[in-house]
Structures are given as structure tokens and as C-alpha cells.
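The values are calculated or read from the model by the stated rules, or taken from the named source; none is laboratory data. Since the structure is predicted, the reported quantities are computational estimates derived from the model, not experimental observations. Because the Cβ atoms are built from the backbone with ideal geometry, glycine has one as well, and the counts that use them run over all protein chains shown.
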Amino acid sequence: MSYVSIEGGVTAAQGFLASGLYCGIRKNKSKPDLALIYSRFPCSAAAVYTQNLVKGAPIQVTRRNIADGMAQAVICNSGNANTCNADGEEKAQLMCEAAAKELNLQPSDVVVASTGVIGQILPIEPIQEAAPALAQALSETGSSDAAQAIMTTDTVRKEVAVEVVIGGKTVRMGGIAKGSGMIHPNMATMLCFLTTDAKIAPAVLDKALREAVKDSFNMVSIDGDTSTNDMTAILANGAAGNDSIEENTEAYETFTGALKELCVRLARMVAKDGEGATKLLVCNVTGAASEDAARKIGKSVICSSLLKAAMFGADANWGRVLCAIGYAGTDTDINAVDVGFASEAGSIEVCKNGAGIPFSEEEAKKILSEDEININVTLHDGAEQASAFGCDLTYDYVKINGDYRT
């Protein structure tokens with residue numbers, strides 16, 4: 001199946017508009033802090049949320065709002081996570097009401113999200129006052145504004161879009177994401193909003209989303225911290241005119257494959273933009289006994305602080321890879337593991353059958369000095385595979401998080 005990359009982010013799909021502006025949540029007035037996504041047509045809706053027991057108030061409200069499988073808009077603020085506040089759910093509901101009023105919707109048709117500092121009371125007045133201008137700014141080219149408005153410590157906007165032919169109709173899907181620190185989703189992602197003009201029932205959309213998330217956002221880790229506000233939500237408005245996508249069909253496989261491709265691209269962007277990061281790390285695991293084992297090993301490797309630090313220093317310390325495989329909790333024959341490193345500068349094998357082999361330290365240094373590094377782990381336990389996405393650990397990570405709140 002073939003997916004074509006296109007421009008447009010969350011507004012690439014027919015019928016979707018977006019906007020973003022500064023409303024006053026952030027102290028820094030140069031950064032927008034309020035985003036809106038709107039579909040001209042009612043949508044099937046699905047979402048997955050953080051597994052952290054401490055959950056942001058917007059998650060509770062969104063869960064209730066899309067319990068019927070329907071939504072038509074997303075509103076999100078940055079700068080304040082609206083978490084661990086006695087009035088949190090009330091404020092999240094008021095955000096829905098503010099958006100719904102301007103869009104002539106019911107508040108229950110709105111997905112709401114917040115990101116930023118935990119434990120500080122969310123001032124609702126700036127959001128309410130900005131709602132009219134936010135709605136007026138909605139446009140078919142507003143994806144980048146929305147993507148920028150949901151950023152916190154992110155250094156780059158994260159937006160992608162693809163199109164694919166399903167049942168003779170061109171279906172488009174796009175997304176924006178934010179995430180740079182406190183990233184270890186274990187279910188979804190930091191914040192990600194996806195849109196598509198495919199026609200698909202809510203239950204089928206939910207299944208497709210979970211399949212896509214499993215091999216993308218669930219395979220990302222920046223620092224091992226699972227956020228309180230993680231959410232991935234998707235809206236599908238059916239404007240493409242395709243026959244409704246059903247489970248266990250070629251159309252479903254095509255749709256889910258394209259959605260997974262979209263999510264993997266966003267996941268890589270999130271990992272590469274980790275707080276203070278200079279390199280994207282991708283651990284490719286092959287020859288595993290099961291998909292679960294491949295995922296666990298991949299995540300274990302990219303979560304290793306020692307390995308992440310070694311990659312920052314371009315040090316081919318492959319023993320740290322083997323160490324992380326050993327505590328991943330899988331039944332792996334550690335004496336049959338091969339390890340190699342690869343980048344645009346070339347590739348090099350450093351470990352064979354669980355033991356070191358001679359290699360050029362100079363060549364390894366050159367390979368590991370690139371900004372995207374593949375850590376290739378070959379097992380001899382089976383035929384399953386998985387990839388995990390992370391980043392190096394730098395001095396700047398500590399600097400950023402030493403005064404994040406103040």
C-alpha cells in the first residue's frame with residue numbers, strides 16, 4: 001500500500017479548520033497558548049489516555065464527552081496542565097462551553113486538553129475572552145498555528161499529513177503533536193490530535209487508533225516519566241465519501257496502515273525533540289520470540305540513561321545495550337544477541353553472540369556523531385520485530401528541568 005506525504009497537518013483532511021493564538025496563560029507573550037481544531041461536519045471520535053493514576057482534569061471531561069463516539073472540535077491550552085486542582089474539571093468544562101458557544105455546538109461535542117505546569121490553578125478568564133477571536137481565526141491553513149500553540153518546551157512544531165486511496169476515494173489524514181519532556185507514554189502520547197476525512201464508525205476508529213498507537217507513541221520515551229495529561233484523540237468526519245470502513249477488510253488494513261505511518265512520523269519528531277536532545281535514537285529489534293518481547297527490549301534500550309549518555313558522547317559502549325536487554329524482563333538468549341550501530345555515516349557491528357568483536361573506535365565515533373542513530377539488536381529467538389524511539393541524555397536536560405516551574 002502507498003501513502004503519499006502531503007502538506008496541511010490537521011487541516012489536510014477535507015472539512016477541517018484550525019487556529020492558534022496567545023490568550024494570556026503563558027507569561028511569555030511571544031508564544032501562542034491556545035489552539036482550536038474544528039470540523040464542519042460531525043465526526044466519529046476516539047481517544048486514548050495516560051495510564052498515570054494522576055490524570056489531568058481535561059481527560060475526565062473528554063472521556064465523558066466522547067463516550068457516545070462523537071465530537072466536532074478540540075480546544076487545548078498550553079502553559080498550564082490543569083491537573084491536581086479542586087476546580088479542574090469545572091475549568092475544563094468551561095473551556096468546552098467557550099468553544100461550543102462560538103462554534104454553535106454542544107459542549108459535549110468538544111474534546112478538551114491542557115498541557116504545562118502541574119498543580120497551578122488554571123485562569124479560565126483569558127480562555128473565555130479569547131474564544132471569539134480563536135474561532136474567527138479558524139482557517140484551512142491554521143494547522144501550524146495550532147501546532148505552535150500546544151507547544152511547551154518543544155523547540156519545533158510537529159505536524160504531518162498523508163493521503164491514501166481507499167475504495168477508490170482519496171482519504172486524507174493529518175496530525176499535530178507536542179512533547180519534549182515528561183515523555184514515557186505507555187499508552188498514547190504527550191498530546192496528539194489527529195484528523196481524517198475517512199468515513200469510519202467510532203468503534204472501528206477506536207480499534208484502528210489503538211493499533212497505530214501501539215507501534216508508535218507507545219514506543220517513545222524521552223525520560224521515563226509518564227505525564228498526567230497524555231492524550232491522543234482522533235476525529236473522522238467522512239467527507240472523503242468512501243464507504244464506511246469495516247473491521248477485517250482491505251479498507252481497514254489500508255486505513256490503519258496509513259494511520260500508523262502518520263503516528264510513527266510524529267513519534268519520531270517527538271523523540272528527536274526531547275528536552276536538550278541532540279540525537280534521535282531508534283532501537284530496531286529483530287528476531288524476537290514475540291512482538292511483546294521485541295517492544296520490551298526496544299523500550300528498555302532507549303530508556304537506559306547510561307546508553308543515552310553514551311550516545312550523547314558518541315561512545316560505542318555496546319555493553320550498555322546488552323545490559324538493558326538483560327533487564328528488559330524477556331526470556332531472551334543473551335548469548336545469541338548481535339548489536340550494531342548505524343547512521344548516515346555508515347554502520348558497524350560491535351557485538352556478536354553476546355560478546356564483543358574487534359571494531360574501529362574511530363569509525364564508530366564517526367557513525368555515532370550523526371543526529372539520527374540506529375541501534376540494531378538482532379536476537380535469535382524468533383521472527384518478530386519492533387522499533388523504539390528515544391533521544392540522547394545531555395547536560396541541557398537537567399538545566400531545562402531544574403527551573404521548569406519557575
Filtered residue count, the stretch 356-397, keeping only those that are in contact (Cβ under 8 Å) with a residue 12 or more places away in the chain and surrounded by fewer than 12 Cβ atoms within 10 Å (Cβ to Cβ)
4
Being touching a residue at least 24 places away in the same chain (Cβ under 8 Å), part of a helix (DSSP H, G or I), in contact with a helix residue (DSSP H, G or I) (Cβ under 6 Å, 6 or more places away or on another chain) and not charged (D, E, K, R) is the requirement here; does residue 314 meet it?
no
Scan the stretch 58-77 for residues that are outside any strand (DSSP E or B), in contact with a helix residue (DSSP H, G or I) (Cβ under 7 Å, 6 or more places away or on another chain) and crowded, with 16+ Cβ neighbours inside 10 Å and jot them down.
58, 60, 61, 65
Could you list all residues from the stretch 336-346 that are in a strand (DSSP E or B) and surrounded by 14 or more Cβ atoms within 10 Å (Cβ to Cβ)?
338, 339, 340, 341, 342, 343
Of the residues 17, 53, which single one is farther than 19 Å from residue 178 by Cβ, among the hydrophobic types (A, V, I, L, M, F, W, C) and free of Cβ contacts under 8 Å to residues at least 12 places away in the same chain?
53
Exclusive hit being outside any helix (DSSP H, G or I), more than 24 Å from residue 156 (Cβ to Cβ) and either assigned by TED's automatic domain parsing to the domain that holds residue 36 or of a type outside the set (A, V, I, L, M, F, W, C) (or both), set 242, 229:
242
In the stretch 305-330, anything crowded, with 23+ Cβ neighbours inside 10 Å and either under 18 Å from residue 395 (Cβ atoms) or among the hydroxyl-bearing types (Ser, Thr, Tyr) (or both) is listed as 307, 308, 311
Looking only at the stretch 1-20, which residues are surrounded by fewer than 18 Cβ atoms within 10 Å (Cβ to Cβ) and either more than 21 Å from the chain's Cα centre (by Cα) or among the aliphatic types (A, V, I, L, M) (or both)?
1, 2, 4, 6
Run residue 28 past the list (1) at pLDDT 95 or above; (2) not in a strand (DSSP E or B) and report the number of the one that doesn't hold.
(1)
Within the stretch 291-304, residues crowded, with 18+ Cβ neighbours inside 10 Å, part of a helix (DSSP H, G or I) and not aliphatic (A, V, I, L, M) come out as 295, 296, 298, 299, 300, 303
Identify all residues within the stretch 78-108 that are within 24 Å of residue 137 (Cβ to Cβ), of a type in the set (D, E, K, R) and surrounded by fewer than 22 Cβ atoms within 10 Å (Cβ to Cβ); write none if there are none.
97, 101, 102
Pairs returned, first residue in the stretch 160-171 that is of a type in the set (Val, Ile, Thr), second residue that is surrounded by fewer than 16 Cβ atoms within 10 Å (Cβ to Cβ), beta-carbon separation under 6 angstrom, 6 or more apart or interchain, are 162/5
Tally of residues being surrounded by fewer than 16 Cβ atoms within 10 Å (Cβ to Cβ) and either touching a Ser or Thr at 6+ places or on another chain (Cβ under 7 Å) or not assigned by TED's automatic domain parsing to the domain that holds residue 96 (or both) across the stretch 120-145:
3
